[in-house]
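Have a look at the structure below, then the notes.
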Amino acid sequence: MKRAAFLDRDGVITKSVIRNGKHCAPFSLEEFELIGDASEGITVLKKAGLNVVVVTNQPDVGKGEVAKDVVEAMHERLRAQAPLDDIKVCFHTNADQCECRKPKPGMLRQAAKEMNIDLSRSFMVGDRWSDMEAGRAAGCFTILIGDGYGEKFSINPDMKAASLWEASQIMLSSLSVSFQPNSPRVDWRQ
């Protein structure tokens, strides 16, 4: 079975947008922007043999605030900028009480089934409590990016990192593979 890095999108790979004092998903392609060296972090994970799967809640579609085709266009742009194996999206709101919306582990379990992934040997990287709970519920090692925006956490992440690049180094160290932060950047298209 394979190992994977499950990555939240907003605040981990792409910049979140501040609305009414809260970190939110972008509403347009103009707001959609990768964070610094996120693509390089993903690239080294792929080169080390991990499957890389984005798992993202996008309830603004369910609320009618963003069109589904805009989110799909964002994901096409993301795929062009980083070597991803898959992107799993939950468009539901909390009120829908679905099984895919984080903190439930539905998207991780679906990807594991489809891609023959061993969840107990995989990672969940996110910036919110719901990411950590989804990862823990799926049996993954969890890595929190940043400080969690002051949210209350019912569980502690296994590790913390300042960025996806730093999280990629934590994951690689567990694989006994090392890419030095000051080494030349890698191009995943090679």
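Throughout, read-outs are computed from the coordinates displayed, never taken from laboratory work. Keep in mind that this is a model prediction, so the values were computed, not measured. When we count neighbours, we look across all protein chains shown, and the Cβ atoms used for this are built from the backbone with ideal geometry, even at glycine.
Okay, here's what the table says:
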| item | result |
| --- | --- |
| Whichever lysines have a C-alpha closer than 19 Å to that of Lys47, once near sequence neighbours (fewer than 8 apart) are set aside | Lys2 |
| Positive dipole terminus of the chain, leading residue within Ser16, Ile87, Gln58 (C-beta point charges) | Ile87 |
| Paramagnetic reach from Phe27 in region 78-94 [backbone N under 20 Å; point 7 Å along Cα→Cβ] | 91-94 |
| Label-point separation, Arg19 to Phe153 (7 Å along Cα→Cβ), nm | 2.6 nm |
| The chain, helix-only ellipticity at 222 nm - DSSP H runs n ≥ 4, -39,500 (n - 2.57), divided by all residues, nearest 500 | -9000 deg cm²/dmol |
| Order of Leu119, Leu34, Leu29, Leu164 under a 10 Å beta carbon neighbour criterion, fewest first | Leu29, Leu34, Leu119, Leu164 |
| For region 158-168, Karplus couplings with θ = phi - 60° (6.51, -1.76, 1.60), whole Hz, Gly/Pro x | 5, 8, 10, 9, 7, 7, 5, 4, 5, 4, 5 |
| Cα shape, the chain, gyration tensor, a/c 1.5 rule | rounded |
| Listed residues Gly148, Ala5, Pro26: farthest to the positive end of the dipole of the chain (Cβ charges) | Ala5 |
| Protection-proxy order for peptides 52-63, 9-20, each taking the mean of Cβ atoms within 10 Å per residue, highest first | 52-63, 9-20 |
| Cα gyration tensor shape for region 1-106, rounded if a/c is under 1.5, else prolate or oblate | oblate |
| Computed over the chain: relative contact order in percent, which uses C-alpha pairs under 8 Å that are six or more apart | 25 percent |
| Highest to lowest packing among 67-77, 98-108, scored as the average C-beta count within 10 Å | 98-108, 67-77 |
| Dipole magnitude of the chain, debye to nearest 20 (Cβ charges: Lys/Arg +1, Asp/Glu -1, about Cα centre) | 440 debye |
| Theoretical gain in end-to-end length, Thr93 to Ala80 [0.36 nm per residue, Cα-Cα removed] | 1.9 nm |
| Sorted by Cβ density within 10 Å, fewest first, the residues Phe27, Phe141, Phe6 | Phe27, Phe141, Phe6 |
| Cα gyration tensor, region 72-131 - rounded (a/c under 1.5), prolate or oblate | oblate |
